[in-house]
1. Express as a percent, rounded to the nearest 5, the fraction of DSSP beta bridges in the chain (both residues included) that run antiparallel.
2. Would you mind calculating the gained length between residue 46 and residue 86 on full extension (0.36 nm times residue separation, minus the Cα-Cα distance), in nm to one decimal?
3. Starting from the amide H of residue 48, placed 1.01 Å from N in the peptide plane, find each other amide H under 5 Å away whose residue is 5 or more places distant or on another chain.
4. If each of residue 118 and residue 66 carries a label point 7 Å out from its Cα toward its Cβ, how far apart are those two points in nm?
5. Please report the spacing between the Cα centers of segment 63-99 and segment 3-46 in Å, no decimals.
6. With an 8 Å cut-off on Cα pairs and a minimum separation of 6 or more residues, tell me the relative contact order of the chain in percent.
7. Tabulate in residue order the Karplus-calculated ³J(HN,Hα) for segment 80-90, using 6.51 cos²θ - 1.76 cosθ + 1.60 with θ = phi - 60°, rounded to whole Hz; enter x for Gly and Pro.
8. Of all accessible surface on the chain at a 1.4 Å probe, what whole percent is carbon and sulfur?
Amino acid sequence: QVQLVESGGGLVQAGGSLRLSCAASGSIFSINAMGWYRQAPGKQRELVASITIAGSTSYVDSVKGRFTISRDNAKNTVTLQMNSLKPEDTAVYYCNVRARPTPSILNYDYWGQGTQVTVSS
């Protein structure tokens, strides 16, 4: 099994910054893509940013130029640097990792417990 532990959420004023981190541990044969999703009250969960094992990144349009995703393959961590935060960024943020726990198991999506990000106006 793969466990994900997130950290870094909190309350910040509009225009401020937060940094989210997620560490994967447990039985890990390989990790493919890593990413961050968010879910605001009454809304569907959306993909905010993702990064491949090769380092290619993608972002939802609303965060382009403000958020940066990065990963450390040696430490099995993924980080989301969030700058110029807006009230509409308020949501629970979830770390997502697509990994193979053993060579005989195909890629499976693992989720963190979620961390609250609140941006006040």
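The values are calculated or read from the model by the stated rules, or taken from the named source; none is laboratory data. For clarity, every value in this text was computed on a predicted model and none was experimentally measured. Note that each Cβ is placed from the backbone with ideal geometry, even for glycine, and that neighbours are counted across all protein chains shown. The area values use the complete protein model at the heavy-atom level, side chains included, leaving out ligands, DNA and RNA. Shrake-Rupley method; radii C 1.70, N 1.55, O 1.52, S 1.80 Å.
1. Details: 41 of 45 bridges.
Approximately 90 percent, going by the DSSP bridge assignments.
2. Working: separation 40, 0.36 × 40 = 14.40 nm, distance 1.64 nm.
Separation in residues times 0.36 nm, less the Cα-Cα distance, equals 12.8 nm.
3. The list, which skips near neighbours in sequence, is 36, 37, 38.
4. Each label point lies 7 Å from its Cα, and together they span 1.9 nm.
5. Segment 63-99 and segment 3-46 have Cα centres spaced 6 Å from each other.
6. Values: 311 pairs, mean separation 43.5, N = 121.
Relative contact order of the chain: 36 percent.
7. Each residue of segment 80-90 in turn: 10, 8, 10, 10, 6, 5, 10, x, 6, 7, 4 Hz.
8. On the way: 3200 of 6360 Å².
Carbon plus sulfur share of accessible area: 50 percent.
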